[in-house]
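Take a look at the structure set out below.
The values are calculated or read from the model by the stated rules, or taken from the named source; none is laboratory data. On a predicted model such as this, the values are computed, not experimentally measured, just so you know. Positions of Cβ are backbone-derived with ideal geometry, glycine not excepted, and every protein chain shown enters the neighbour counts. These accessible areas exclude ligands, DNA and RNA; they are computed on the full protein's heavy atoms, side chains included. Shrake-Rupley method; radii C 1.70, N 1.55, O 1.52, S 1.80 Å.
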Amino acid sequence: MHARQLMACACTTAAVTATTCYLAFRYYHQPTQTKHNILCDGKGKDDDEEQIVLHESEDTILKLTPRKIDDERINNMVVSECCGAIATFVGTTRDNFDGKQVTMLSYEAYAPMAMKQLSLISKEIRNRWAVKKIAILHRLGVCPIGEASVMIAVSSPHRKAALEACHWAIDTLKAKVPIWKKEHYKDGSTWKQNKEFDPATLVGRK
Amino acid sequence: MVQCTLAFKTPPFATFSSVSNTETRCSVSKCGNTESRMEEKALLKVEVLFFAACREITGVEKIELKVEEKTTIKTFVADVVKKYPKIGKMMDNMVLSVNLEYTDPNSEQTLKDADKVAFIPPISGG
């Protein structure tokens, strides 16, 4: 009886210790997330993490996500029976810049303002072109080499509207949406600046 | 009015030169008076956010500051730069966001209570 009790006690202790160690591991290895942005923790993750869904309706999807962007799934989301064209843009992480080897990119965003700017972009697209469905997704956190950091998909009855809207959307995103890219190398990293960024235009001085 | 000299407790938030002392009551007086009152100025709470390179340089992601009424954006930015001098050289190539609207750092617009001000370094999405 005494031996059985000892065995049961040992098993319980082992189980509690293992659970405590597992929970401590998960707690200390979470990427830092805040209400306002997602910070890079230097680790690549494409497993199941909480997505930030900015806006989703029948015809418009705007999303910031730490997950891998599934371009085929997004393409299918903008398919519409009344449309004869889908135009897409996918930006991917390149392994080099200016002769330097890039190991990965990481992104962070001022999420509420990014949501507002993406919403303004989608509304302006509808003002200017006869499009049916719009999807704009941007990766946050680590984006490994070869993976998509941004995707824009637009469907329209005829190709001219979809092509022009898609082109305008990525150019405007680069100029106006508060998202920041950090380029990582073997021996350091640097925050990038889009050539489209113009303070005077953003504050209405131009 | 009797002058009392006291050490004021440091408030749990940062205050600037554009901010007046907030303590209004003395519990002990050298002259024996048990209480006197300093003139109170209305203070506004402003939430400040730093991103990307700005966040790394200041070492701060978010801070709540108190400013006097009618403080302009321009004055406020100058005070923030005094507190975090390393972002001074970045200001020529930065914009602000005030309540999710892009704003000129030299704006004479005045701040309001509960305003959210974000320092926006050059963006690089896409």
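A single member of A:Ile152, A:Ile125 is under 29 Å from B:Thr103 (Cα atoms), within 11 Å of chain B (Cβ to nearest Cβ) and touching a helix residue (DSSP H, G or I) at 6+ places or on another chain (Cβ under 9 Å), and it is A:Ile152. Applying the selection to segment B:43-62, what residues are assigned to a helix (DSSP H, G or I), without any contact (Cβ under 8 Å) to a residue 40 or more places away in the chain and touching a helix residue (DSSP H, G or I) at 6+ places or on another chain (Cβ under 9 Å)? B:Ile57, B:Thr58, listed by residue number. Taking residues in segment A:138-154 that are without any contact (Cβ under 8 Å) to a residue 60 or more places away in the chain, and partners anywhere that are acidic (Asp, Glu), the pairs with Cβ atoms closer than 9 Å and at least 6 places apart or on different chains are A:Ile145/A:Asp95; A:Gly146/A:Asp95.
The combined condition, being over 13 Å from A:Thr88 (Cα atoms), modelled with pLDDT of 95 or more, crowded, with 20+ Cβ neighbours inside 10 Å and over 17 Å from the mean Cα position of the chain (by Cα), is not fulfilled by A:Leu173. So for segment A:65-86 (the condition being more than 22 Å from A:Ile145 (Cβ to Cβ), part of a strand (DSSP E or B) and modelled with pLDDT of 95 or more), does at least one residue qualify? Yes; the residues of segment A:65-86 include at least one that is more than 22 Å from A:Ile145 (Cβ to Cβ), part of a strand (DSSP E or B) and modelled with pLDDT of 95 or more. The single condition from (1) touching a Leu at 6+ places or on another chain (Cβ under 6 Å); (2) modelled with pLDDT of 95 or more that B:Ile57 fails is (1). Out of curiosity, is A:Ile179 surrounded by fewer than 20 Cβ atoms within 10 Å (Cβ to Cβ) and aliphatic (A, V, I, L, M)? So A:Ile179 does not fit the description; no.
Restricting segment A:96-111 to residues that are surrounded by fewer than 18 Cβ atoms within 10 Å (Cβ to Cβ) and within 21 Å of A:Pro66 (Cβ to Cβ), the residue that is farthest from the other protein chains (Cβ to nearest Cβ) is A:Thr103. Within segment A:185-206, residues that are at the interface with chain B (Cβ under 7 Å from one of its Cβ atoms) sit with their Cβ atoms under 7 Å from residues that are aromatic (Phe, Trp, Tyr), at 6+ positions apart or across chains, in these pairs: A:Trp191/A:Trp180; A:Leu202/B:Tyr102; A:Val203/B:Tyr102. The single condition from (1) open to solvent by less than 20 Å² (accessible area, probe 1.4 Å); (2) not in a helix (DSSP H, G or I) that B:Asp79 fails is (2). Assess whether B:Lys70 counts as being within 12 Å of chain A (Cβ to nearest Cβ), open to solvent by 40 Å² or more (accessible area, probe 1.4 Å) and farther than 17 Å from A:Ala114 by Cα. Criteria not met by B:Lys70. Checked against (1) outside any strand (DSSP E or B); (2) away from chain A (no Cβ under 14 Å), B:Leu65 passes all but a single condition, namely (1). Take the conditions (1) facing chain B (nearest Cβ under 9 Å); (2) out of contact with any Phe, Trp or Tyr (no Cβ under 8 Å at 6 or more places or on another chain); (3) without any contact (Cβ under 8 Å) to a residue 40 or more places away in the chain; A:Val131 misses just one of them, which is (1). Within segment B:104-125, if we keep just the residues that are facing chain A (nearest Cβ under 10 Å) and open to solvent by 10 Å² or more (accessible area, probe 1.4 Å), the residue that is farthest from A:Ala200 (Cα to Cα) turns out to be B:Lys116.
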